[in-house]
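A quick write-up on the structure given underneath.
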Amino acid sequence: MIYSCSLVKRVPEGKYLLTKSNVVVNDKKTNEEIIVNQQQQKPNSSLLGLGFPLRLHMYNLAKKNPDSSYHVWLERKPKRHKTLAAILSEKQVERLGQSFLVSGLSNFLKKSGEAPVIIDEKKAQKTTNRFLNYYNSKGYFKTKVDYKIDTLKNKRGQIKYNIVTGQPYKVDSISTVVESPDLDSLYQKIKSSSLIKTGKQYDAKDLVDERKRISTYFRDNGAYKFQETNISYNVDTIKTGYKANVEVVVENQTIKTGDSLIKVPFKLYKISEVNVYTDTHVGKDKLKVADSVTHKDINLYSSDKLAYRPKAITDAIFITKGSVFSDTKRTLTSRSLNNLRIFNYPSIEFVEDPKDSTGTSLITNIVLSPRKKYSWIPALDFMHSNIQDFGISGNMTLTWRNLFRGAEILDISTRGSIGSSKDMANPKGVFFNISEYGADVKLTIPRILAPIKTEKIIPRSMFPTTVATVGFSRQRNIGLDKENFSGIATYNWFPKKTNSARLDLLNIQFVRNLNPQNYFNVYESSYETLNDYAQAYNTNPDNVDQNGDLTIEEGGADNFINDVLTGQTVLSPEDDAYKDIRSIDERQNRLTENNLIFATNFTYTKSSKTDLLDNSFSIFKTKIESAGAFLNLVSNIGTEKLGPNGKKTFLDVEFSQYVKTEFDFIKHWDLGRQKVYAMRGFFGIAIPYGNADNVPFSRSYYGGGSNDNRAWESYALGPGTSGGINDFNEANMKLAFSAEYRFNLFGKCNAALFADAGNIWNIWDNVEDKRYTFNGWESLKDVALGTGIGIRYDFNFFIARLDLGFKTYNPAKEQSERWFKDMRFDKSVVNIGINYPF
């Protein structure tokens, strides 16, 4: 009863809360979104569509006039107002009524909530008209719509709309009238591709799309002054027997002469001159020209000595002398100049050439506003993490634009950090006992830099760039301590506006571990397993400390492994303990060895997303990578010696050799009313061959984390049914699938229900344990399933995300224990992230 009354708390007497709105089309109820959305009024939104109007309850909880209530309370006792004024001031007492303490909660509830939807007869009539307009646009010209309002007890009501469409009209004939002769010649070339087809059901959208198609073609072929509004339609449906006769009319241009408006035929324009003003000063005042040059029939002007090689500018311009006016070329030119990143957004204008007596020539003026040649961005951060109790990091980036006068951009970045950690070895007792530093140099060239011409394969309209990057970083007292050298030569281009391609012609990475003896301090679970075995099978007292635990820095753990594998203990290769210790040894060797990766990869991304507000789109991304083939060839030719593991080396380092491929697909569906269904599928595999029997750690896959299976922590899932027993579990094959139902709670606060499925496995590498490996289709039963709920807050420029994941199906457990055994809050995983996971 309390719930029932609270719903209509804000509904005035004699009015009715809209609780249900049904749309019936030809005697069948419909929930088709595009039809339902024609309504001017819909019932208050409910949580998850389950009928609980959360936002209405929030609105009803707010005080109607909190400021007035405050003044009533203030004056209830004569001395209250006077006392508060003495403590604060009269002005502050008045302002207290608008404060968060008094009004803030109510204002928040009103803003985030939803006012009750009151049945309004005028809006019902408007809805009727909208239904009529919608069905008329689809060819149902004899549609009839009526509605009925049912009033119920407790101030509630319902509306039922009844729609009878009748028979749809079909296009019977298409005729055209093009008043301008020049446009008529153009139209005849595209007439056969018309979107309006005879025999097809009449649809107003086809007329709109056809108008855009014709207009775009005209404006790309010289019709500079043409507008979509110059195209109209005459549709005859009178006594035609459900047939529509469509006439396409392309009218002449309307111009003003004195006080009169007259119609004249459209002209087709050509470009007679292209002028580029390389700085705003000369663009505003042509008398300030101090330097000029003509390149490929394009005139470049500068108020000082020209700072750019002419080709760097002209290559970005698609408007050429002698060509017909084209809107598409104007757009391409604007995007291309903007992509150079050395100018602000360009200004492109067209003016009629006064020297042309026929009045069919245009002068193109492009005004550029250069960005600063140098820019410097410093940054400073203070940190705390599970590694550092306290840390300070800083970085700075110097950008040098137009480096070689060809619109090149050089970015030089340096970074460094120092930190304090009580967990790290600190014999001298210094406060800052860990550090990291590094630097990167990146050169961006706005064209393909190659020994052969690539214009026919990758034309300028795809905005190609070449990027060369070299980098170095070094860590001290962090994990195994590392030195990392990298060098990348990349080609980027855009085959279409929303599609991108990237070719890393050369991707070199060399990782050197400086402190491999610290392995068992970093990978503690491996040490604990090894130490447990040592309690039972160790026969050498030199391997342990006074507490009987394996020593690390003194080499006891490594010596115990060697004793086991060389037969100096009672363990034999058939024993499970022997196999586990051998596995620990293999993993230690894998993670402490130096890695040399010499790879080439290609990535292609295809997206249908049009803008940031588009919630119905798909993204497909694929990547293929090959590493080590070139170094293997060099090694075969040269006299490089074999490494300690019997593998080929380059500069005394064993190099990796593998082939890797990935497929990533994302799809979003907009369900209306701030509801979105999203899904993602991923498959990746990296196959070692030749000089390698495993894939480098940096190129392997892991499961779990805020952007993967959220019921497991990062690196905690898999491989296979192994149970994630290592500190960092990884493998060379991955399957993942995620789905989310996203909805609005109130205001900028959103929520989601999600399910994540997937796992990682070893395949065709040196891992033989079937718990870890992919063994055909039967291994698909090892796919883990996590489900949960997430809360997100939209800060406009980013999304703050908190997800709570539950292990719904855990393949690491026995068959009878896999389903729902960990669906408890104490077994859940909390993930904090920025923006959506996919």
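The values are calculated or read from the model by the stated rules, or taken from the named source; none is laboratory data. From a predicted model like this one, the values you see are computed outputs, not experimental measurements. Here the Cβ positions follow ideal geometry from the backbone for every residue, glycine too, while neighbour counts run over all protein chains shown.
Structure notes:
- Any strands (runs of 3 or more DSSP E) falling wholly within the stretch 306-415 and containing at least 1 residues that are among the acidic types (Asp, Glu): 347-352, 374-383
- If you go through the stretch 234-270 and keep only what is aliphatic (A, V, I, L, M) and free of Cβ contacts under 8 Å to residues at least 60 places away in the same chain, you end up with VAL235, ILE238, ILE255, LEU261, ILE262, VAL264.
- Number of positions in the stretch 215-241 that are at pLDDT below 95 and not polar (S, T, N, Q): 3
- Extreme residue, nearest to LEU398 (Cα to Cα), among residues of the stretch 348-368 that are among the small types (Gly, Ala, Ser) and at pLDDT below 95: GLY359
- Residue that is farthest from PRO446 (Cα to Cα), among those in the stretch 278-301 that are crowded, with 20+ Cβ neighbours inside 10 Å and within 40 Å of the chain's Cα centre (by Cα): GLY283
- Strands (runs of 3 or more DSSP E) completely within the stretch 116-182 that count 2 or more residues being crowded, with 16+ Cβ neighbours inside 10 Å and within 42 Å of the chain's Cα centre (by Cα): 156-164
- Boolean, SER607 is touching an Asp or Glu at 6+ places or on another chain (Cβ under 8 Å) and touching a residue at least 60 places away in the same chain (Cβ under 8 Å): no
- Number of the condition not met by ASN796 [criteria: (1) free of Cβ contacts under 8 Å to residues at least 60 places away in the same chain; (2) more than 30 Å from THR773 (Cβ to Cβ); (3) in a strand (DSSP E or B)]: (3)
- Taken over the stretch 507-533, the criterion of being surrounded by fewer than 18 Cβ atoms within 10 Å (Cβ to Cβ) and at pLDDT 95 or above is satisfied by ILE508 alone.
- Selection of the stretch 545-574 for residues being in contact with a Gly (Cβ under 8 Å, 6 or more places away or on another chain) and surrounded by fewer than 20 Cβ atoms within 10 Å (Cβ to Cβ) yields only ASP545.
- Comparison of ASN750, ASN759 shows that the only residue that is surrounded by 14 or more Cβ atoms within 10 Å (Cβ to Cβ) and either closer than 30 Å to ILE584 by Cα or touching a Gly at 6+ places or on another chain (Cβ under 8 Å) (or both) is ASN759.
- In the stretch 185-201, of all residues being under 38 Å from the mean Cα position of the chain (by Cα) and crowded, with 17+ Cβ neighbours inside 10 Å, the one that is nearest to SER272 (Cα to Cα) corresponds to SER194.
- Test: residue in the stretch 495-507 that is assigned to a helix (DSSP H, G or I) and either within 28 Å of the chain's Cα centre (by Cα) or aliphatic (A, V, I, L, M) (or both): no
- Scanning the stretch 440-449 for residues that are touching a residue at least 40 places away in the same chain (Cβ under 8 Å) and not in a strand (DSSP E or B), we see that the one that is farthest from SER336 (Cα to Cα) is ILE448.
- Residue among SER583, SER572 that alone is among the hydroxyl-bearing types (Ser, Thr, Tyr) and part of a helix (DSSP H, G or I): SER583
- Qualifying positions in the stretch 37-52 - under 32 Å from the mean Cα position of the chain (by Cα), assigned to a loop (DSSP other than H, G, I, E, B) and either charged (D, E, K, R) or closer than 17 Å to ARG742 by Cα (or both): SER45, SER46, LEU50
- Cβ-Cβ under 6 Å pairs, at least 6 apart or on other chains, the stretch 87-108 side not assigned by TED's automatic domain parsing to the domain that holds GLY747 and in a helix (DSSP H, G or I), far side surrounded by fewer than 16 Cβ atoms within 10 Å (Cβ to Cβ) and modelled with pLDDT of 70 or more: VAL93/LEU84; VAL93/ALA85
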